[in-house]
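The values are calculated or read from the model by the stated rules, or taken from the named source; none is laboratory data. Remember, predicted model here, so these are calculated numbers, not experimental data. Every residue, glycine among them, receives a Cβ derived from its backbone with ideal geometry; neighbour counts consider all protein chains shown. Protein only, heavy atoms only, side chains kept; ligands, DNA and RNA dropped before computing areas. Shrake-Rupley method; radii C 1.70, N 1.55, O 1.52, S 1.80 Å.
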Amino acid sequence: MSLSIPRVLAVAGLLLGAAVLLTGCPQPNAYTVRRAFPQLRFASMVGLQPIPGDGDHALLLTQDGIIRRANLADDAAAPTVFLDIRDRLIQSPGPEQGLLGLAFAPDYPASGRFYIYYTAGPPMKNTISRFVARGDAAELASERILLQINQPFQNHNGGSLAFGPDGYLYAGVGDGGSAGDPSGYGQRFDTLHGKILRIDVSGDAYTIPPDNPFAGQDARGEIYAYGLRNPWRMNFDQATGQLWTGDVGQNAWEEVDRIVAGGNYGWDRMEGAHCYEPPDGCDASGMLLPRVEYSHEFGCSITGGFVYRGREMPELTGWYIYGDYCSGRIWAVDAGTDSGAAIPIADTGRSIASFAQDKDGELYIVTFNNEIDKLIRK
């Protein structure tokens, strides 16, 4: 059997393209999403987190205050209620209120401790609480409120929680709401608004790690980084320990930030890499510019994701994957460099509320379309 010259070239091109896909950079728009876990169909899902030490189950968060224990290995198994705090939170009238985040203690399999972030009140307070699980459910009476932050407006509550490789709990807190940060909280040190916090929750009350960048100074010692508007979904890279977040913009720019101790990310003097207050000629000295940003031509509310460390798509390894709630677009940016543009990898048409990562490092999107989808190649 022989091949014509044009067909030989075509086959060679296909093979070359496959090699690039498997070993090089992710290809633009080469990915899509596929429905996963059909038994998980709930309104306002905001998170899905595998349970440490349990290869088959995860906790599913819905904004109304219910946490469900879901069997990811059996589509026919209905989820069960793990914790219900509906009587302890405020959700209406603001669409950004409710149950917003969860993090398992590093020793969860032994201690059963986990932490949630929700809006309580009235008056409204962003609340970080510790609960204890026994068996397949948490004990409602085990709640210990660790930190509450008065919230002047309904929006920009933040809500992300994550434990770092150092064992400390990190929390993303919004700027307090309204629009344009009217009190200038993002650049102030006497408030926890507009910040990434870092606290030690190993005891019955939280303490401030002595190596926090502003500990012992004329500032709130919990502050780890500042100048953020509304950090939505932050996660640590499993391989490098770097902390990444998406920070929701005002009305023009959405940004991805690599968070470092003491870093100033600009808000409300800057929106992304652009002057905001004043609109021209702002002093950007000492501020850290976003790793990447995108304009509202491509979306309107960033959802932070994960640095990919799975096996099914090796060309994505080491790339930070994130998306937009409004447009459903997903991008990838090389987490191992300080430069280089983001690559648009998928256009899902979904309202992406959160990303999730399974025990194997594969990625999913948790949506406000009453479904969870897995990121796959086309």
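Would you say Gly94 is under 25 Å from Ser301 (Cβ atoms), modelled with pLDDT under 95, open to solvent by less than 60 Å² (accessible area, probe 1.4 Å) and part of a loop (DSSP other than H, G, I, E, B)? So Gly94 passes the test. Checked against (1) more than 30 Å from Leu316 (Cα to Cα); (2) aromatic (Phe, Trp, Tyr); (3) part of a strand (DSSP E or B), Phe214 meets all criteria but (3). Taken over segment 144-154, residues that are in contact (Cβ under 8 Å) with a residue 40 or more places away in the chain and open to solvent by less than 40 Å² (accessible area, probe 1.4 Å) amount to 3. Only a single criterion out of (1) more than 16 Å from Gly194 (Cβ to Cβ); (2) more than 14 Å from the chain's Cα centre (by Cα); (3) among the acidic types (Asp, Glu) is not satisfied by Asp237, namely (2). If you go through segment 312-333 and pick out every residue that is touching a residue at least 60 places away in the same chain (Cβ under 8 Å) and either open to solvent by less than 10 Å² (accessible area, probe 1.4 Å) or touching a Phe, Trp or Tyr at 6+ places or on another chain (Cβ under 8 Å) (or both), you end up with 11. Total residues in segment 334-367 satisfying the condition of being within 15 Å of the chain's Cα centre (by Cα) and farther than 19 Å from Leu316 by Cα: the figure is 5. Residues being open to solvent by 50 Å² or more (accessible area, probe 1.4 Å), within 28 Å of Ala341 (Cα to Cα) and modelled with pLDDT under 50 are represented in segment 6-15 by at least one member. Just one residue in the set Arg220, Arg258, Arg309, Arg229 is under 18 Å from the mean Cα position of the chain (by Cα), within 22 Å of Asn157 (Cα to Cα), assigned to a loop (DSSP other than H, G, I, E, B) and in contact (Cβ under 8 Å) with a residue 24 or more places away in the chain; that residue is Arg229.
Go through segment 276-311 and count every residue that is touching a strand residue (DSSP E or B) at 6+ places or on another chain (Cβ under 6 Å) and surrounded by 18 or more Cβ atoms within 10 Å (Cβ to Cβ). Matching residues across segment 276-311 total 14. For segment 228-240, state whether one or more residues are open to solvent by 10 Å² or more (accessible area, probe 1.4 Å) and under 23 Å from Pro279 (Cβ atoms). Yes: segment 228-240 contains one or more residues that are open to solvent by 10 Å² or more (accessible area, probe 1.4 Å) and under 23 Å from Pro279 (Cβ atoms).
A Cβ distance below 8 Å, combined with a sequence gap of six or more or placement on separate chains, defines the contacts here; from segment 277-295, residues that are part of a loop (DSSP other than H, G, I, E, B) reach residues that are among the hydroxyl-bearing types (Ser, Thr, Tyr) in the pairs Cys282/Tyr276; Met287/Tyr265; Leu288/Tyr265; Pro290/Tyr265; Arg291/Tyr320.
Considering Pro210, Pro165, Pro182, the condition of being under 17 Å from Phe104 (Cα atoms), out of contact with any Ser or Thr (no Cβ under 8 Å at 6 or more places or on another chain), modelled with pLDDT of 95 or more and open to solvent by 20 Å² or more (accessible area, probe 1.4 Å) is satisfied by Pro165 alone. Among the residues of segment 368-378, the ones that are more than 15 Å from Leu316 (Cα to Cα) and either open to solvent by 10 Å² or more (accessible area, probe 1.4 Å) or of a type in the set (Gly, Ala, Ser) (or both) come to 4 in all. In segment 66-74, is there at least one residue being open to solvent by 50 Å² or more (accessible area, probe 1.4 Å), over 28 Å from Asp324 (Cα atoms), free of Cβ contacts under 8 Å to residues at least 60 places away in the same chain and acidic (Asp, Glu)? So far as segment 66-74 goes, yes, one or more of its residues are open to solvent by 50 Å² or more (accessible area, probe 1.4 Å), over 28 Å from Asp324 (Cα atoms), free of Cβ contacts under 8 Å to residues at least 60 places away in the same chain and acidic (Asp, Glu).
Candidates Arg258, Arg311, Arg269: the one that is modelled with pLDDT of 95 or more and under 20 Å from Ala342 (Cα atoms) is Arg258. Hey, any hits in segment 169-176 for a residue that's surrounded by 21 or more Cβ atoms within 10 Å (Cβ to Cβ), under 25 Å from Gly221 (Cβ atoms) and among the aromatic types (Phe, Trp, Tyr)? Yes - at least one qualifying residue is present in segment 169-176.
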